[in-house]
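Since the structure comes first, as structure tokens, the remarks are kept for the end.
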Amino acid sequence: LTITRYQTFQDLYQYCYKVASVVGLICLEIFGYTDPKAKMYAIDMGIAMQLTNIIRDVKEDSTLGRIYIPQDEMEKYGCSTEDLISQKDTPAFRALMAKQVTRAKSYFAQSTGLLPLVPFRSRMCPSVLRSLYMALLDRIEARDYDVLRERVGLTGQEKLTLMTTSWLGAFWKSLVRKW
């Protein structure tokens, strides 16, 4: 509750694990799973989702004095804490955000094996969450990493469409595997 800066990604990883991956591991125990590898995939999905939240909320968090982007990476890209707090939208800041999006997407890619290891009745929830969060990352990319002007989000219709297609996709894959 008192930490407002993270020196390295390893430090941030620990935070993401504690606030998001642990929730995924608890859900996994509730949902059930068929292989212990599911835990690793759930951890990766939690990391990916929390990184997505961090990227999307840079503006809001910085106005509250919270900087979740690793300080060493900010320094490497030439962005200071003051730049973030004053919401300076520079090419360096956008390159830093591109790095963060790439990292989040790599964690989503690492979590791909989760769905087949979760029972059919529980598969839709992680499938929908994955689709919604991936769409946020795609939207941030499409906006050239502009997360300072306004909060990036999805419309109600986009969410509904994604929820429906991911749910049906997970349902269909389950049926195909049973045959």
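The values are calculated or read from the model by the stated rules, or taken from the named source; none is laboratory data. All values derive from a computational prediction rather than experimental measurement. Glycine also receives a Cβ, built like all others from the backbone with ideal geometry; neighbour counts cover every protein chain displayed. Side chains included, ligands, DNA and RNA excluded: accessible areas come from the protein's heavy atoms. Shrake-Rupley method; radii C 1.70, N 1.55, O 1.52, S 1.80 Å.
Data overview
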{"item": "Reachable aspartates and glutamates, given that their alpha-carbon falls under 20 Å from the alpha-carbon of Lys88 and they are not under 8 places away in the same chain", "result": "Asp57, Glu60, Asp61, Asp72, Glu73, Glu75, Glu141, Asp144, Asp146, Glu150"}
{"item": "Inter-part distance where segment 1-59 and segment 95-153 are each reduced to a Cα centre, Å", "result": "13"}
{"item": "Zone of Met40's modelled label, taken as backbone nitrogen in segment 108-149 under 12 Å from a point 7 Å along Cα→Cβ", "result": "110-114"}
{"item": "Rounded tilt (10° steps) of 91-110 against the dominant C-alpha axis of the chain", "result": "20"}
{"item": "Charge-dipole axis of the chain as Lys and Arg at +1 and Asp and Glu at -1 on Cβ define it, positive-most pick from Cys125, Gln14, Gly153", "result": "Cys125"}
{"item": "Relative packing of peptides 155-165, 141-151 - highest average C-beta neighbours within 10 Å first", "result": "141-151, 155-165"}
{"item": "Of Lys39/Lys76; Lys37/Lys76; Lys18/Lys105; Lys76/Lys159; Lys37/Lys59, pairs whose Cα-Cα distance is over 27 Å", "result": "Lys39/Lys76; Lys37/Lys76; Lys76/Lys159; Lys37/Lys59"}
{"item": "Debye, to nearest 20: dipole size of segment 42-179, +1 on Lys, Arg Cβ, -1 on Asp, Glu Cβ", "result": "880"}
{"item": "Lys/Arg +1, Asp/Glu -1 at C-beta; segment 32-86 dipole; positive extreme among Gly78, Gly46, Tyr68", "result": "Gly46"}
{"item": "Ranking by accessible area, most exposed first, for Val22, Val58 with a 1.4 Å probe", "result": "Val22, Val58"}
{"item": "Kirkwood Rh in Å, taken over all unlike Cα pairs in segment 1-62", "result": "12.5"}
{"item": "Reduced Cα scattering model of segment 34-126, Debye log10 I(q)/I(0), q = 0.24 Å⁻¹", "result": "-1.13"}
{"item": "Residue-span extension gain [Thr63 to Glu29] - 0.36 nm each, minus C-alpha spacing", "result": "8.6 nm"}
{"item": "Listed values [x] 24, 19, 17; [y] 32, 18, 12; [z] 43, 20, 16, entry calculated as semi-axes √(5λ) of the Cα gyration tensor in Å", "result": "[y]"}
